[in-house]
Amino acid sequence: MSGRLVGVLGGTGPAATAYFLQRLVERTEAGCDQDHVRTLAFNDTAIPDRTAFLLGRSDRSPLEALIEDGRLLEA
């Protein structure tokens, strides 16, 4: 395998993750499949609701889950 690998932490908005990946494909100048950006998307829908936490409607912070998922992507 060659080329850099881009890790995407998604799932906090599954549709947003799918939209991002679609836009990445559309905006990549590629002549064939192998010319596209190597991407690993981790779509973790179990992350606590970040909006509810930020607005004070939930005491479940998404921070620990995001850090753990980031470490999994890094590995």
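Values in this text are rule-based calculations from the coordinates and carry no lab data. Worth saying up front: this structure is predicted, and the values here are computed from it rather than measured. Cβ sites come from the backbone with ideal geometry, for glycine too, and all protein chains shown count toward neighbours.
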Quick calc, region 5-74, dipole around Cα centre from Cβ unit charges on Lys, Arg (+) and Asp, Glu (-), nearest 20 debye, gives 220
Extension reserve of the D35-R57 stretch, reckoned as 0.36 nm per residue once the Cα distance is removed:
3.5 nm
Stokes-Einstein translational diffusion, the chain - Kirkwood Rh over all Cα pairs, 1.002 mPa s, 20 °C, in µm²/s
154
